[in-house]
Amino acid sequence: MPFASTEEKVLAHVPRDVVLTVTTTEARGLEPTVDLAVRLGKNGYAAAPHLAARLVRDRAELDEIAARLLESGVDRLFVVGGDAAEPAGEFPDAESLLVALAEGGHDFSHIGIAGYPEGHGTIPDSVIAEALRRKTVHANEIVTQLCFNPATTIDWAGGLHESGITTPIRVGVPGSVNRQKLIRVSAGLGLGQSARFLAKQSAMFWRFFLPSGYRPDKLVTGLTDQITSPANAISGFHLFTFNDLAGTERWRQARLAELS
């Protein structure tokens, strides 16, 4: 998340071969996200800013953002609809922004979109499924929203594969995050967005309030053997750090050491 200390923490704790994403917060708008992605790129990182469609006013602003990113060497994007109650302009959802990017000829090398193994709180499953099918035409990768049931994620990914959607899927997993960190991040989002964040992630939130905090080991272990399965397109993991970069990187390095 594009907070004041984020760049310093990335430089201190994250190797440059780790691909990063920078989320957009409704309270802060798009500029901090774009700015941080550009600065991380100048420091040698591949960083994909989240573009929340409902925060982009029009094609002129989209063209300006895309040109700025590409001219700075940032050629990755993660496109979401966003949770703003009302769109700022002509893009009500991720699909409309993806279409505009394609029509504008903006040549990003990698575009990610969101997937919902447990559905969306306010959008019917059938609508989500059809929108995902249309969006994959413009995307290189699907990153899932948080789901703590490996079987649910596997069934969802298998269903996509059977329906002909073979876009690679990275399963979104919370990093090694403690409760104090989550409280600080939640507060930093702003009251309205924080409340929506907690409402959407209520199933996740209580796990972080265990005395020892949360570790992703069980979830990752339950999904690892699916990465090579021909029954779905699961290709790896995407770690949501909630800006606990040091803790998540320590956990990641420990798991890599175990594997080697």
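The values are calculated or read from the model by the stated rules, or taken from the named source; none is laboratory data. Treat the numbers as computed from the prediction; the structure is a model and nothing was measured. Cβ sites come from the backbone with ideal geometry, for glycine too, and all protein chains shown count toward neighbours. Note: areas computed on protein heavy atoms with side chains; ligands, DNA, RNA excluded. Shrake-Rupley method; radii C 1.70, N 1.55, O 1.52, S 1.80 Å.
Note on Lys218/Glu103: beta-carbon distance plugged into 1/(1 + (r/R0)^6) with R0 of 45 Å gives a FRET efficiency of 0.55.
Take the range 49-127 with all the other protein chains still there, run a 1.4 Å probe, and you get 46 Å² of accessible area per residue. Under the convention that each Lys and Arg Cβ holds +1 and each Asp and Glu Cβ holds -1, the size of the dipole of the range 65-159 around its Cα centre is about 180 debye.
When its C-alpha radius of gyration is set against 2.2 N^0.38 Å (N residues), the chain gives a value of 0.97. List the GluC sites (Glu not before Pro) in the range 33-133 that DSSP assigns to loop (not H, G, I, E or B) and whose Cβ has at most 16 other Cβ atoms within 10 Å. Which are they? Here the sparse-neighbourhood loop sites are Glu90, Glu118. Mean sequence separation of contacting Cα pairs (under 8 Å, at least six apart), scaled by the length of the range 1-151, corresponds to a relative contact order of 19 percent.
Around the Cα centre of the chain, unit charges on the Cβ atoms of Lys, Arg, Asp and Glu (plus for the first two, minus for the last two) sum to a dipole of about 980 debye. GNM on the chain, alpha-carbon springs under 10 angstrom: the most fluctuating residue among Gly105, Gly82, Gly222 is Gly105.
Dipole magnitude for the range 30-83: computed about the Cα centre from +1 point charges on Lys and Arg Cβ and -1 point charges on Asp and Glu Cβ, it is near 160 debye.
Taking only protein heavy atoms and a 1.4 Å probe, the accessible area of the chain is 53% carbon and sulfur.
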